[in-house]
1. Going from the alpha-carbon gyration tensor of the range 131-209, what semi-axes, largest first and in whole Å, does one get by taking the root of 5 times each eigenvalue?
2. Taking the square root of 5 times each eigenvalue of the Cα gyration tensor, what semi-axes in Å does the equivalent ellipsoid of the range 242-305 have, largest first?
3. Using Cα-Cα distances under 8 Å and only pairs 6 or more residues apart, what relative contact order does the range 37-79 have, in percent?
4. Need the full-extension length gain, Arg146 to Ser53, defined as separation in residues times 0.36 nm minus the C-alpha distance. One decimal, nm.
5. Quick one: if the Förster radius is 51 Å, what FRET efficiency do Ser504 and Gln317 give, using the C-beta to C-beta distance and rounding to 0.05?
6. How compact and how long is the chain, expressed as Rg and Dmax of its alpha-carbon atoms in Å?
7. Over 24 Å apart: what share of the alpha carbon pairs of the range 324-454 falls there, rounded to a whole percent?
8. Please report, in whole Å, how far the alpha carbons of the range 5-151 spread along each principal axis, starting with the longest.
Amino acid sequence: MTTGFWSDKYPEGIPATIDVGQYRSIIDVLEYSTRKFADKPAFSNMGYELSYSRLYELSGQFCSYLQNHTDLSPGDRIAIMLPNVLQFPVAVFGALRAGLIVVNTNPLYTEREMEHQFRDCGAKALLVLANMAYMAEKVLPKTAIRQVIVTEVGDMLPPVKRTLVNLVVKHVKKMVPDYSLPDAVSFRTALNQGVMHPCVDVRRENDDVAILQYTGGTTGVAKGAMLTHRNILSNMFQVKALVGGNLREGEELMIAPLPLYHIFAFTVHCMVAILLGEHNMLITNPRDMKSFIKDLTGKPFSMFIGLNTLFIGLMNQEAFRKLDFSYLKNTISGGMALQLDTAERWENLTGCRICEGYGMTETSPVVTINPLDKIKLGTIGLPVPSCELKVIDAEDNELPIGEIGELCIKGPQVMKGYWQSEQATEEAMLDGWLRTGDIACIDDEGYVTIVDRKKDMICISGFNVYPNELEEVLSVHPDVAQCAVIGVPDKRAGEAIKVFVVRSNPGLSAEEVTRYFRQNLTAYKVPKQVEFRDELPTTNVGKILRRQLREEELAKLSQKAS
């Protein structure tokens, strides 16, 4: 399947290929947009806006601080561990301007997960929210990190509001546990020190790594996907080609509830939206539906980025159903499968159809999107321009249109490789094609449908969970003899995690198993269901048959339904 095959499948006006030759790095795009959209709002949070010119100024101050007050050099890694606050884009663009590699880090990570990522990437600096600084205190001695910058939620807000927000978060809601990082610098201090010297932008080349984005990849072992400036730039223009047709540059308000540290939201809001000069409203805590809907009230939002569980949660709120959706023209779903019922409910409520896409961390991430004026529900859309797709059988032979096989991808957005892991990179690639591990079908109109997953990966509200990791954690428990983890259908999250346990101590309870997971893993990785068994199904060599466990669970659901 070559790019030429897809060109006649696109609606009129969509190019078959993209050209990013006019830009050498992501910073070139930031400079372009700053000149063109200087006074337009780039990001807002908690009612306060940063214009493009102010974003550029502040990112320059952060860049200057990194260059003049730390021993960091171009190519060093800086971990950014923040939720959706204004500090995030300031720090990302500041670090890139200093020539550093940004390592997006989930602020909900446990100590174990933080330590693995920081040690693996060799990060030398960390920007962390004060709420999580107590965990960083425990992990940092085991890493190469020596430069620590701490920020509070309201640090980018005007003085009075900043003081109030930080006071409430720390003393009223008590969300900032005590910590001791005597050598850490506050984010505001870093910006103030950065004013003393000019920022000297480090010019990076297309093939230089810009972002290290951690993923389980196709093997389930956490690795850093090396995304170059060219990878990210390519995906900017690829996404723009398929969903930017009805957007007015510099005029749209995009709602950003998905976490920016996740590659989907990162590329859409920090990259594509910047290219188009749009305004991103950052939602710090989308789980607080009341505050979320209050932020939306009275706002002329025209683009909404979300996923299936978020759409359902919002539509179940009466206050959301009363909002004015007359400005909404684009709704994009990614990160997990979109349910048809959800799509129909959303369209009936808002008058806007949901455009579903598909991507991977390794592809920066967008691979396919449903064109806005040619949406085919139930599919993940057409491949973005300059992207080739094919499906292969178990012997790696390419299959014809309409047949089911493993989806493979080739295009300028495909990662440079896995960080310091040539073997994992080779295993993921097939003669220049990236193996996705997903089983798919391409129809005669070029639309792609994901049929199943090749591996045992579980998808929880858009986040990948790998059974090997969970089983490794639980197997260390002294009262566990054997365990197996599978995904089971869940209406809200797409899938839920179920763990099967063979006890060595009959006194072990489901509550203790759940508590143990919570101590060692991020919340979304904690199983919702625990079942104790006397034995687990295995092959003749003793390998646990997860497939059989899944089949048993599906049979139970089928019986209930009938």
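1. After diagonalising the Cα gyration tensor, the semi-axes are 27, 20, 12 Å.
2. In descending order the semi-axes read 20, 15, 8 Å.
3. Averaging sequence separation for qualifying contacts and normalising by length gives 24 percent for the range 37-79.
4. Value of the extension gain: 30.4 nm.
5. 0.65
6. Over the chain's Cα set, Rg and Dmax evaluate to 23.3, 71 Å.
7. The answer is 33 percent, as a whole percent.
8. Its Cα atoms span 56, 39, 32 Å along the three principal axes.
The values are calculated or read from the model by the stated rules, or taken from the named source; none is laboratory data. Owing to the predicted nature of the structure, the values given are computational and were not obtained by experimental measurement. Positions of Cβ are backbone-derived with ideal geometry, glycine not excepted, and every protein chain shown enters the neighbour counts. Only protein heavy atoms, including side chains, enter the accessible area calculation; ligands, DNA and RNA are left aside. Shrake-Rupley method; radii C 1.70, N 1.55, O 1.52, S 1.80 Å.
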